[in-house]
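**Student:** Quick one: the structure is below, questions incoming.
The values are calculated or read from the model by the stated rules, or taken from the named source; none is laboratory data. Predicted model only: the values in this text are computed from it and were never measured. Please note: Cβ atoms are built from the backbone with ideal geometry, for glycine as well, and neighbour counts cover all protein chains shown.
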Amino acid sequence: MGILNVTPDSFSDGGTHPTTEAAVAAALTMAAAGADIIDVGGESTRPGAPVVPPEIEQFRVIPVIRALAERGVIVSVDTRNASTMAAALDAGAVIVNDVSAFGYDPAAAAVVAERGCPVVLMHMRGTPATMRDRAVYDDIGAEVTAELSASVALALRAGIRREAIVLDPGIGFAKTAAQSMAVLRALPRLSELGFPLMAGVSRKSFIGAVANEPDATRRLPGSLAAGLFALSQGAMILRVHDVAETVQAIRVWHALQPISGFHNAPLAG
């Protein structure tokens, strides 16, 4: 999954795609490099980010989504707003990626259920403005698993098909660097819930903490290492900024697997 932020303030690529044309060109480059899905977002959810009204979010993302869908690109919309989900699906998106796991907009689950589309439910406590204060855990693996299980239950009650659900542990969301690494190690536990897992480790702050690299755009090597670790722990989708480099790393990693035939498995990410 290639990340396409059409925002002025995302943590590592805000303002990179200031026009629809620039965003579409960047997405097509990622698709050509091997991205199976392009994830389009119009609201930064970095720690402390301000709320973006849905109408502004839609102004940013809908023209991009429509243009990509017309070109045959598989598009997910990265939003926590029900009205943006509906507008994006109308414009050609086929997946919803909700960082709040339906915890932000009470109408969101009904939109996804009605449309029957796949959905990514990510673990987060609080909001981008408050999540730093919520990063308190006794057993992070158990607590993230339990809280995502509750999100799944909400989705199922709303009528969302079980096979349409993907889970994301929310690396960096209401988690310190140490906690982010701990939850990556706990992915096998989370996989016991029986859903595909997505990992968004690309350029995250825990990589900067480990590698002593404050510049998010200089965290590619750490992102590759973390992404391959996530795959080894059961993740099936990687959400990344650097598609070509990640695809190459995964291909080599697959080819080196000792299990006969595993290198012919579908490419993740």
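**Student:** Please state which of the following conditions Val152 fails to meet, knowing it meets all the rest: (1) surrounded by fewer than 22 Cβ atoms within 10 Å (Cβ to Cβ); (2) touching a residue at least 40 places away in the same chain (Cβ under 8 Å); (3) touching a Phe, Trp or Tyr at 6+ places or on another chain (Cβ under 8 Å); (4) closer than 18 Å to Arg239 by Cα.
**Tutor:** For Val152, the exception is condition (4).
**Student:** Could you check, for the range 31-43, whether at least one of its residues is within 19 Å of Tyr104 (Cα to Cα), part of a loop (DSSP other than H, G, I, E, B), of a type outside the set (Ser, Thr, Tyr) and at pLDDT below 95?
**Tutor:** For the range 31-43, residues within 19 Å of Tyr104 (Cα to Cα), part of a loop (DSSP other than H, G, I, E, B), of a type outside the set (Ser, Thr, Tyr) and at pLDDT below 95: present.
**Student:** In contact with a Ser or Thr (Cβ under 8 Å, 6 or more places away or on another chain) and within 23 Å of Ala110 (Cα to Cα): is that true of Pro54 in this structure?
**Tutor:** yes
**Student:** Hey, among Met131, Met122, which residue is touching a residue at least 40 places away in the same chain (Cβ under 8 Å), in contact with a Pro (Cβ under 8 Å, 6 or more places away or on another chain) and under 18 Å from Ala82 (Cα atoms)?
**Tutor:** Met122
**Student:** Could you pull out the residue among Pro188, Pro266 that is surrounded by fewer than 16 Cβ atoms within 10 Å (Cβ to Cβ) and at pLDDT below 95?
**Tutor:** Pro266
**Student:** Does Val210 satisfy the criteria of being assigned to a helix (DSSP H, G or I), more than 23 Å from Thr127 (Cα to Cα) and of a type in the set (A, V, I, L, M, F, W, C)?
**Tutor:** yes
**Student:** Can Ala235 be described as closer than 21 Å to Asn97 by Cβ, of a type outside the set (Val, Ile, Thr), in a helix (DSSP H, G or I) and touching a strand residue (DSSP E or B) at 6+ places or on another chain (Cβ under 9 Å)?
**Tutor:** Answer is no for this residue.
**Student:** When you look at Met181, is it under 24 Å from Asn81 (Cβ atoms) and buried (at least 19 other Cβ atoms within 10 Å of the Cβ), yes or no?
**Tutor:** So Met181 does not fit the description; no.
**Student:** Filtering the range 16-28 down to residues that are in a helix (DSSP H, G or I) and without any contact (Cβ under 8 Å) to a residue 24 or more places away in the chain, which residue is farthest from His241 (Cα to Cα)?
**Tutor:** Glu21
**Student:** Can Arg60 be described as in contact (Cβ under 8 Å) with a residue 24 or more places away in the chain and under 18 Å from the mean Cα position of the chain (by Cα)?
**Tutor:** So Arg60 does not fit the description; no.
**Student:** I've got another one for you. Need a quick list: helices (runs of 4 or more DSSP H) entirely within the range 127-198 having at least 2 residues that are under 19 Å from the mean Cα position of the chain (by Cα) and among the hydroxyl-bearing types (Ser, Thr, Tyr).
**Tutor:** Fully inside the range 127-198 and qualifying: 140-157.
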